[in-house]
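Enquirer: Dropping the structure in here first, questions after.
Quick note: the coordinates plus some simple rules give every number you see, no bench work behind them. Predicted model only: the values in this text are computed from it and were never measured. Here the Cβ positions follow ideal geometry from the backbone for every residue, glycine too, while neighbour counts run over all protein chains shown.
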Amino acid sequence: MIYFDNNATTQIAPEVFEAMTPFLTDFYGNPSSAYNFGRDIRQIVEKSRAEVANLIGANDTKEIIFTSCGTESDNWAILGTLEANPNRKHIITTQVEHEAVRKVCEKLETKGFEITWLEVDENGQLNLEELRNSLRDETAIVSVMLANNETGILFPVKEIAEIIKANSNALFHVDGVNAVGKIPINLKETAIDLFSLSGHKFHAPKGIGALYMREGINLPSFFIGGGQESGRRAGTEAVHQIAGLGTAAKLVTQSTSNVRVLRDKLEDFILQNIQDAKLNGTTDRDKRLPNTASIAFSNLNGEVILAKLNDIGVCVSTGSACNSDNHVSSAVLRAMNVPYTDAMGTIRFSLGRFNTEQEVDFVIENLPRIIEDLRGMGL
Ligand code: PLP
């Protein structure tokens, strides 16, 4: 199988699996217990926290709080900020956020909060003047992603943070879930207040994430009960998951992956050799993740291309909403004004550390024939 869907999830790295297993077998103690067994386990949790802090350039390990996933981190950042600032009813976000932010904001809109949905242009970029003009005293939080999961387009979050801090008292949350592990991140150099990440996007298991809260910020927790995470999020820590996350974070900092070279080879080949294949979003590769290519095969049905690739053992995803009964193009591509006939024929290739040049060559050898056959059949 050739797995080109690393923005959806990733394979657990062997080192991560190995780091996790002792905590599922022999060392099953509760990190809050007072005996030695427990203390060793507390140390594992703190070591992982330090690895995660190092990966994203936090100032202090205390700024990292483990969560169950990226969705929890995103939800907590927004809802926690609103709970801590009950008089502020305005939120700014973008039209291209992941559901973990978008659906929270849609729900808040029905409960009387005012949401500013910033637009993007056809390159997928924000108008920072629109952001500046939207900020006001009642703005509680601005939530903007770092890397778009569908297109790989990067938002200039460092610059956005400066605009927010110069013009308001709002907190700034960044959904970094699809960026961590793919590009360097150094929060110390920014004024970002809250930052979400998720292990399964960078070779840790599903079911573990983290929320970075800049020192001095202490959002109320949804979970109330026995203390963990310095009393900031209740519930016994998932030690095996945390050990996996820490190891995955360390592997990123040591990785010398050539994923960019592979993505460039695949993308260049498709755009140069397949008729009516178009890149969605900016052609400036510095403004996109190094692993992602979102390509429209105009007038074809992405679901059919996906099925044909699946038949030859290649996993990708499409640019349509995940509902096979309902033919809707993705909200992200719609926000970028990608025509319907392009959006419906969009395939996202997202590569990862474990992909090889042979795999790219296999796709290069087979994709032109698949597209040609489908064009011939009018599909
Ligand atoms: N935010 C972004 C940008 C994502 O890509 C994802 C997952 O696809 C999430 C949030 C949600 O993360 P999780 O799957 O860990 O809940």
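Enquirer: Can you give the net charge of the other residues whose Cβ lies under 9 Å from the Cβ of LEU187, counting K and R as +1 and D and E as -1?
Expert: 0
Enquirer: Given a 10 angstrom Cα cut-off, can you work out which residue in ARG136, ARG214, ARG369 is the most mobile in a GNM of the chain?
Expert: ARG369
Enquirer: In segment 30-125, which trypsin sites (Lys or Arg not before Pro) fall in coil by DSSP and have 14 or fewer other Cβ atoms within 10 Å?
Expert: Counting only loop positions with at most 14 other Cβ atoms within 10 Å, the trypsin sites (Lys or Arg not before Pro) in segment 30-125 are LYS111.
Enquirer: Another question, then. Post the alpha-carbon centroid distance, segment 31-77 to segment 251-278, in whole angstrom.
Expert: 34
Enquirer: With angles folded into 0 to 90 degrees, how steeply does helix 99-110 sit against the dominant principal axis of the chain? Use alpha carbons for both and round to 10.
Expert: Result, in degrees: 70.
Enquirer: Find the centroid of the Cα atoms in segment 169-202 and in segment 336-371, then give the distance between the two in whole Å.
Expert: Result: 27 Å between the Cα centres.
Enquirer: Using θ = phi - 60° and the Karplus form 6.51 cos²θ - 1.76 cosθ + 1.60, what ³J(HN,Hα) does each residue of segment 285-299 get, whole Hz, x for Gly and Pro?
Expert: So the J values, rounded to whole Hz, are 5, 6, 9, 9, 4, x, 10, 10, 9, 9, 10, 8, 9, 3, 6.
Enquirer: Here are some pairs, LYS287/LYS308; LYS165/LYS250; LYS107/LYS201; LYS158/LYS287; which of them have Cα atoms lying more than 21 Å apart in this structure?
Expert: LYS287/LYS308; LYS165/LYS250; LYS107/LYS201
Enquirer: Given R₀ = 22 Å, what would the calculated FRET efficiency be for THR283 paired with LYS158, taking r from the Cβ atoms and rounding to 0.05?
Expert: Efficiency computed from Cβ-Cβ geometry: 0.50.
Enquirer: Write down the percent of antiparallel bridges among all DSSP beta bridges whose residues are both part of the chain, to the nearest 5.
Expert: 55
Enquirer: Could you calculate the FRET efficiency of PHE362 with ILE115 from 1/(1 + (r/R0)^6), where r is the beta carbon distance between them and R0 is 51 Å, rounded to 0.05?
Expert: Taking R0 as 51 Å, the efficiency between PHE362 and ILE115 is 0.70.
Enquirer: In addition: Work out the FRET efficiency for SER33 and GLU215 from their Cβ-Cβ distance, taking R0 = 30 Å, and round it to the nearest 0.05.
Expert: 0.60
Enquirer: Hey, got a sec? Which GluC sites (Glu not before Pro) in segment 155-197 land in a DSSP loop and have at most 15 other Cβ atoms within 10 Å?
Expert: none
Enquirer: In debye, nearest 20: dipole of the chain around its Cα centre with unit charges on the Cβ of K, R (+) and D, E (-)?
Expert: 720
Enquirer: Under a no-solvent Debye model with one identical scatterer per Cα of segment 85-159, what's log10 I(q)/I(0) at q = 0.18 Å⁻¹?
Expert: -0.72
Enquirer: Same structure again: Quick one: among ALA179, ALA238, ALA204, which has the greatest mean-square fluctuation in a GNM of the chain with alpha-carbon springs under 10 angstrom?
Expert: ALA238
Enquirer: OK, next. Which of VAL316, LEU271, GLN254 sits farthest toward the positive end of the charge dipole of segment 243-319, with +1 on the Cβ of Lys and Arg and -1 on the Cβ of Asp and Glu?
Expert: Towards the positive end, the residue furthest out is GLN254.
Enquirer: Full extension from CYS315 to ARG369: what is 0.36 nm times the residue separation minus their Cα-Cα distance, to one decimal in nm?
Expert: 17.7 nm
Enquirer: Compute for the chain: radius of gyration divided by Kirkwood radius, i.e. Rg/Rh, restricted to C-alpha atoms, rounded to two decimals.
Expert: Radius of gyration relative to Kirkwood radius: 0.99.
Enquirer: Skipping prolines and chain starts, which residues have an amide H placed within reach, meaning under 5 Å, of the one on LEU118, given they are 5 or more residues away or on another chain?
Expert: Under 5 Å from the amide H of LEU118: THR93, THR94, GLN95.
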